[in-house]
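Reading through the structure tokens given below for one structure.
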Amino acid sequence: MDDMLGTLRAVLAERSRDLPDDDFRLRSLWSVDYRSQPTDYERFMVYSFVLAQTVRQGCCYADFGTVRIGEASDGLIGKDARLVRGSTREEDIAILDAAFGALPRTPAEVLTIDGPPEEKALARARTVVGETMRLLNRSPGRKVAQIGVMGNLIHHLQREDVDLTASDFDPHLIENGILGVPVYSGDESARLVAESDVALVCGETLASHTLEELVETAAEHDTRLVVFAVTGCHFAQEYCGTFGIDTVMAEPQPQYLFQGPSTLEIYRKDALGRTPRRRL
């Protein structure tokens, strides 16, 4: 599973060669635990995440209470984020994401959302479902798989003419479903992707060791793939250009839960003008 991260590291080394080294200096690390339910459609969220900072912030979500930035990480501060490794996979992804944040990027669209968290939560869900429908309307069928359940995405997908399935590793969701939609175990995610016309996948699948398999499965079965990336948001351009993912909507920090405006960056493979260098 580390192959995707290894490929990203190779891309980073190539693309950053002529950029100032100071842009890649690791300035700060945070670990955050939080509990939230921004809308009635969403599950009650109990998560942790790691933030790493260069000139921008990189992020990786984790199960609640599983990541802590302690003294063992002190030696990373001030080092080149392209070269150091975190003590956990989540810390490692956040640092790599922060390093990618120092690279120039060219999204197809940049949107700003503002208002209280519940309004921003629904606005970003509408946007990513809109990108999903853009791909679905080019497909022969109406099957959508939502991998890594987000209630706001499910809510907006239910308003469309789609045949919807979902998967997650949360035992409560698997037992009870969400908004009337049954939720399969995350172990079934590849099967759901194979059987769908478009799969809408949360970026946290990178941390859970499943994204690479889902990209492979989508390529093998001609499933169009949309990734919604908060974890690894700065990988978005390479997700499309290097790995062949059709569309990525990235949400850099500060994300929607915080006050003030948030930014959404949309990347589309067909707008990059280059053939993917690598299909998994």
Lone unmet requirement of (1) surrounded by fewer than 20 Cβ atoms within 10 Å (Cβ to Cβ); (2) in a helix (DSSP H, G or I) for Leu12: (1)
Residue selected from the stretch 190-201 under the condition in contact with a His (Cβ under 9 Å, 6 or more places away or on another chain) and aliphatic (A, V, I, L, M), by the criterion surrounded by the fewest Cβ atoms within 10 Å (Cβ to Cβ): Ala194
Boolean, Thr112 is loosely packed, with under 15 Cβ neighbours inside 10 Å, assigned to a loop (DSSP other than H, G, I, E, B), of a type outside the set (Lys, Arg) and at pLDDT 95 or above: no
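How about the stretch 153-174: which of its residues are polar (S, T, N, Q) and either buried (at least 20 other Cβ atoms within 10 Å of the Cβ) or in contact (Cβ under 8 Å) with a residue 40 or more places away in the chain (or both)?
Thr165, Ser167
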Matching entry among Leu122, Leu135 (being in a helix (DSSP H, G or I) and under 17 Å from Tyr239 (Cβ atoms)): Leu135
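When you scan the stretch 216-230, how many residues do you find that are touching a strand residue (DSSP E or B) at 6+ places or on another chain (Cβ under 9 Å), in a helix (DSSP H, G or I) and surrounded by fewer than 24 Cβ atoms within 10 Å (Cβ to Cβ)?
Of the residues in that region, 2 qualify.
If we keep just the residues of the stretch 175-212 that are free of Cβ contacts under 8 Å to residues at least 24 places away in the same chain and either not assigned by TED's automatic domain parsing to the domain that holds Thr247 or not in a strand (DSSP E or B) (or both), which is farthest from Met133 (Cα to Cα)? Outline the logic, then answer.
We begin by selecting, within the stretch 175-212, every residue free of Cβ contacts under 8 Å to residues at least 24 places away in the same chain; these are 175-177, 180, 182, 184-185, 187-188, 191.
Now drop any that are not either not assigned by TED's automatic domain parsing to the domain that holds Thr247 or not in a strand (DSSP E or B) (or both), which leaves 175-177, 180, 182, 187-188, 191.
Numbers: Glu175: 28, Asn176: 27, Gly177: 23, Gly180: 21, Pro182: 21, Asp187: 25, Glu188: 23, Arg191: 21 Å.
Across the stretch 175-212, the extreme among qualifying residues is Glu175.
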Of the criteria (1) among the charged types (D, E, K, R); (2) in contact with a Ser or Thr (Cβ under 6 Å, 6 or more places away or on another chain); (3) surrounded by fewer than 22 Cβ atoms within 10 Å (Cβ to Cβ), which one Glu204 fails: (3)
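The values are calculated or read from the model by the stated rules, or taken from the named source; none is laboratory data. All figures in this text were calculated on a predicted structure; none of them were measured in a lab. As a convention, Cβ positions derive from the backbone with ideal geometry for all residues, glycine included, and neighbour counts pool all protein chains shown.
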